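The values are calculated or read from the model by the stated rules, or taken from the named source; none is laboratory data. Quantities reported herein were computed from a predicted structural model and do not represent experimental measurements. Don't worry about glycine lacking a Cβ; one is built from the backbone with ideal geometry, like all the others, and counts go over all protein chains shown.
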Amino acid sequence: MLDSVNGQTEVYGIIGYPVKHSKSPVFQNAAFNHLKINAVYVPFSVKPGELGKAVDGIRALSIKGVNVTVPHKEEILKYVNEISEEVKYIGAANTIKNIDGYLIAYNTDAYGFIRGLKEIIRDISKNKFLILGAGGASRAVVYGLLNEGAEKIYIANRSIERAEKLISDFSELNRVVKDILIPIRLDYIPDILDAVNVIVNTTSVGLKDEDKELFDYNLIKKDHTVIDIIYKKTPLIKKAEEIGCKTQDGIPMLLYQGAKSFEIWTEKDPPVEIMKENLLK
Ligand code: ATR
């Protein structure tokens with residue numbers, strides 16, 4: 001809380017590059033404020049190549065915890081003392097907790113995605129999914145869905161090799177997933193659309209309005225649920241709304257991943273409503 005910083009104030013933050021558009025400082029500070037925790041959450045702009053020094057800084061300056069964003073989510077794993085179970089699958093971390101210089105890496109994106117998803121889908125295990133993308137965000141989404149017992153997950157990616165790599169990495173850690181995960185090319189999507197009931201975009205396609213569609217969005221049916229983890233209303237979401245689908249943007253995932261980070265750091269129940277209010281401001 002900025003108007004009461006004193007000698008005991010603890011420091012948290014987010015490291016990324018660029019970081020100035022991050023919404024996390026606003027809602028994390030609101031949460032500290034609401035619970036009267038003497039802490040601040042600040043943005044740290046860390047250039048590529050400077051991450052090792054930044055992590056030394058976290059330890060040396062006794063920064064209690066950080067979120068990690070692009071482009072450091074994978075590389076950060078080189079510098080921590082311990083990685084939690086989900087990070088082994090996802091291969092990337094978005095949350096670091098510092099316990100007297102001992103750094104533990106977590107990934108709260110999967111939790112955030114699933115908690116958001118549960119607001120619009122009752123029983124995840126009864127659903128079949130089409131995931132667009134096979135990067136870091138896709139891995140978090142797929143990890144979350146597997147944990148919830150999703151029946152089938154098609155992973156469509158521009159480069160099919162990356163989808164295959166995701167599946168072989170996950171299969172190495174857990175053999176059961178081999179029958180659930182199916183890699184497909186983007187041009188094969190029309191053939192499997194009827195076999196899925198939820199479509200999730202994890203790629204950056206749609207950030208810019210002029211981005212080319214990943215497939216012909218006119219093929220989406222009214223009974224598809226369509227989710228885009230991008231925060232704004234993308235062409236995919238707009239089209240799905242027009243068709244009459246149930247939709248969700250990336251805001252719930254952003255909110256709940258942050259709430260989970262807050263819980264990991266403070267071991268307190270996050271004031272989710274307060275965080276949401278401030279995120280939407
Ligand atoms: P993130 O951590 O956000 O997932 P990433 O690991 O760089 O970021 O992954 C980006 C994803 O968006 C990938 O699935 C990428 O496809 P490729 O693996 O084929 O590169 C996808 N992507 C990005 N731009 C794209 C585009 N113009 N068309 C199709 N897919 C795109």
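Of all residues in the range 52-89, those satisfying the criterion of being touching a strand residue (DSSP E or B) at 6+ places or on another chain (Cβ under 8 Å), within 16 Å of the ligand (Cβ to nearest atom) and assigned to a helix (DSSP H, G or I) are Ile76, Leu77, Glu86, Val87. Residues of the range 128-151 include none that is over 20 Å from Asp228 (Cβ atoms), in contact with an Asp or Glu (Cβ under 8 Å, 6 or more places away or on another chain) and either among the small types (Gly, Ala, Ser) or not in a helix (DSSP H, G or I) (or both).
If the condition is being free of Cβ contacts under 8 Å to residues at least 60 places away in the same chain, out of contact with any Phe, Trp or Tyr (no Cβ under 9 Å at 6 or more places or on another chain) and either over 15 Å from Ile199 (Cβ atoms) or in the same structural domain as Lys88 (by TED's automatic domain parsing) (or both), then the range 135-159 contributes Asn147, Glu148, Gly149, Arg158, Ser159. Within the range 23-49, restricting attention to residues that are of a type in the set (Gly, Ala, Ser) and surrounded by fewer than 17 Cβ atoms within 10 Å (Cβ to Cβ), the residue that is nearest to the chain's Cα centre (by Cα) is Ser45.
Candidates are the residues of the range 198-215 that are part of a loop (DSSP other than H, G, I, E, B) and out of contact with any Lys or Arg (no Cβ under 9 Å at 6 or more places or on another chain); the one that is surrounded by the most Cβ atoms within 10 Å (Cβ to Cβ) is Phe215.
Note on the range 200-227: residues that are touching a residue at least 60 places away in the same chain (Cβ under 8 Å) and within 15 Å of Lys238 (Cβ to Cβ) amount to 4. The residues in the range 87-145 that are polar (S, T, N, Q), over 30 Å from Leu61 (Cβ atoms) and buried (at least 21 other Cβ atoms within 10 Å of the Cβ) can be counted, and the count is 1.
Residues of the range 184-231 that are closer than 20 Å to Lys246 by Cβ, among the hydrophobic types (A, V, I, L, M, F, W, C) and more than 21 Å from the chain's Cα centre (by Cα): Ile189, Ile192, Leu193, Ala195, Val196, Phe215, Leu219, Ile220. Scanning the range 124-183 for residues that are farther than 18 Å from Glu86 by Cα, over 19 Å from the mean Cα position of the chain (by Cα) and within 13 Å of the ligand (Cβ to nearest atom) returns Arg158, Ser159, Ile160, Glu161, Glu164, Pro183.
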